[in-house]
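The values are calculated or read from the model by the stated rules, or taken from the named source; none is laboratory data. This is a predicted model, so every value here is computed, not measured. Quick reminder, even Gly has a Cβ in these numbers, built from the backbone with ideal geometry, and neighbours come from all protein chains shown. For accessibility, only protein heavy atoms count, side chains too; no ligands or nucleic acids. Shrake-Rupley method; radii C 1.70, N 1.55, O 1.52, S 1.80 Å.
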Amino acid sequence: MMKRIKEKLKYFDYYLFIPYIILCLVGVVMVYSASSINLSYNGAQTDQYLWKQLIFAVLGVCGLLTVCHLSPRWWAKSWYILFAYLALIVLLFIARFFTNPINGAHGWINLGPVSLQPSEFCKLYLTMFMARLMASREKGLANGKEYTTMDKVKPYLLVVFMLGFILSAPDLGGFMINLAIVLVIASASTNNGKISYQKRSALWGVILAGFFGAIQVLRIWNPLENTPYAYMHGRFQAFFDPFSVAQSSGKQLVNSYYAISNGGLFGLGLGNSIQKRGYLPEPYTDFILSVITEELGFVGALVILLLICFLTLRVFLIGIRSQNTYNSLFCYGIGTFILVETCFNIGGVLGLLPITGVTLPFISYGGSSMIVLSLALGMVMNISANQRRGTEFDLLDR
């Protein structure tokens, strides 16, 4: 037994695990620091979010260690992919039509003491789906198989249907992250070998230009006017000029600026944030980075972001080193997931992007996010361990 454990530890990727554990612990501490004071103002138990986040973190670690040591064969099984798709569509349908909105979005299913956010699980699922699709097509082309236009389009119809559900919630942040995962994996696949590097770069340039162009159009046009989602345009108003709407849609961003300014280089000290005391709405979720910067300063926030950056680069490196198409594309998808989510959160906190309700990976309060990220990293660590053993194999052959 001990020999088997030592053998597993020999190939364990501590370069992923140690930053992950540090970020989880920091997240638990900062969720408590950011949430306790407002809970006390409301006469609630001040440590309720602390214990919930700690439970989420423990479950996440257990999930990571379990997946890390399982056989990866089931990841790419077609029956599993189909079952998971149907399950997620049902969950998205329930969340959209049978739940009460939270902050205007039907994105959560209430399970009593906790809530389930299906769009978070879609990020991991679409990574697995796209990696299998692209790897399978690459293998088919190598074996001389020809794909009709309908063969090429049908899988993407399933993706569009799922993304449509997420967008209709509406969950713009979740939609953009899931879309980025799909685009990156599709772009990275050698199925697109006929498309030159220059053309791919130009395509990404058009996509990014379209994204920022759409933001500018929304400065003067509100397509959601007189609809139940008109409030979403207020987020764009806050992005363009937060101080003009400081008492409404710009409140979060304005107080985020104050928090960052208060923190300076080394911060006010753990627990000493001013803006979390009723000024910054729900400071333990999307805007927890503002509280971190105020309490731990620029240096503390930078250390946390560098840990996330190191972890993300490590995931991409494992994908680059992989000799297996599925594993490479899967790692690129997970790296994109973490990277884009982090950029959206930082962009929202600093006013560089409109607020989309995206959490800071491993740090913000949330069970769905923590568990999904942990499972994703566990799968990447499994790939890393097989690389070190020299036992990577083609999952589509099994």
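Tell me the GluC sites (Glu not before Pro) within region 84-177 that lie in a loop according to DSSP and have at most 12 other beta-carbon atoms within 10 Å. Walk me through the intermediate numbers first.
Numbers: sites: 120, 138, 146; in loops: 146.
Here the GluC sites (Glu not before Pro) that fit, given the DSSP loop and packing criteria, are 146.
Determine the share of the chain's accessible area contributed by carbon and sulfur atoms, expressed in whole percent, with a 1.4 angstrom probe. Mind dumping the intermediate values first?
On the way: 12720 of 19050 Å².
That fraction is 67 percent.
What helices does the chain hold that run 27 Å or longer along their axis, going by alpha-carbon atoms, with a Kyte-Doolittle average of -0.5 or more, using DSSP H for the helix calls? Spell out each step's value before the answer.
On the way: long enough: 14-41 (41 Å, 1.56); 48-68 (30 Å, 1.48); 78-97 (29 Å, 2.08); 118-142 (35 Å, 0.20); 149-168 (28 Å, 1.28); 197-217 (30 Å, 0.78); 288-321 (39 Å, 2.10); 325-350 (37 Å, 1.12); 367-389 (33 Å, 0.63).
What comes out of the filter, once short or polar helices are dropped, is 14-41, 48-68, 78-97, 118-142, 149-168, 197-217, 288-321, 325-350, 367-389.
Any idea of the accessible area per residue across region 286-398, 1.4 Å probe, to the nearest Å²?
Numbers: 3360 Å² over 113 residues.
Per residue, region 286-398 has 30 Å² of solvent-accessible surface.
Sorted from largest down, give the three principal axis spans of the alpha carbons of the chain, whole angstrom values.
Largest first, the chain extends 64, 58, 42 Å along its Cα principal axes.
At 1.4 Å probe radius, can you tell me the per residue accessible area of region 90-178 in Å²?
Values: 4380 Å² over 89 residues.
Per residue, region 90-178 has 49 Å² of solvent-accessible surface.
How long are the semi-axes of the ellipsoid equivalent to region 283-328, from square roots of 5 times the Cα gyration tensor eigenvalues, in whole Å, largest first?
Working: eigenvalues 209, 27, 3 Å².
Equivalent ellipsoid semi-axes, largest first: 32, 12, 4 Å.
Modelled label-to-label distance, residue 51 and residue 115, 7 Å Cα→beta-carbon offset: nm?
Each label point is offset 7 Å from its Cα along the Cβ direction, giving 2.1 nm.
Quick one: net charge around residue 367, please, counting Lys, Arg +1 and Asp, Glu -1 for every other residue with C-beta under 12 Å from its C-beta.
Numbers: positive: 52; negative: 120.
Once all neighbours under 12 Å are counted, the net charge is 0.
So if we plug the beta-carbon distance of residue 302 and residue 15 into 1/(1 + (r/R0)^6) with R0 = 35 Å, what FRET efficiency do we get, rounded to 0.05?
On the way: r = 20 Å, r/R0 = 0.56.
Efficiency for this residue pair is about 0.95.
If you take the beta carbon distance between residue 80 and residue 310 as r and set R0 to 35 Å, what does 1/(1 + (r/R0)^6) give as a FRET efficiency, to the nearest 0.05? List each step's numbers first, then the result.
Values: r = 31 Å, r/R0 = 0.89.
Rounded to the nearest 0.05, the efficiency is 0.65.
Treating the beta-carbon of each Lys and Arg as +1 and of each Asp and Glu as -1, no other charges, what is the dipole magnitude of the chain about its Cα centre, to the nearest 20 debye? Can you show the working numbers first?
Values: 29 positive and 18 negative charges, 260 e Å.
Charge dipole, the chain, about its Cα centre: 1260 debye, nearest 20.
Once you list every other residue whose beta carbon is under 14 Å from the beta carbon of residue 118, what net charge do they have if Lys and Arg are +1 and Asp and Glu are -1?
0
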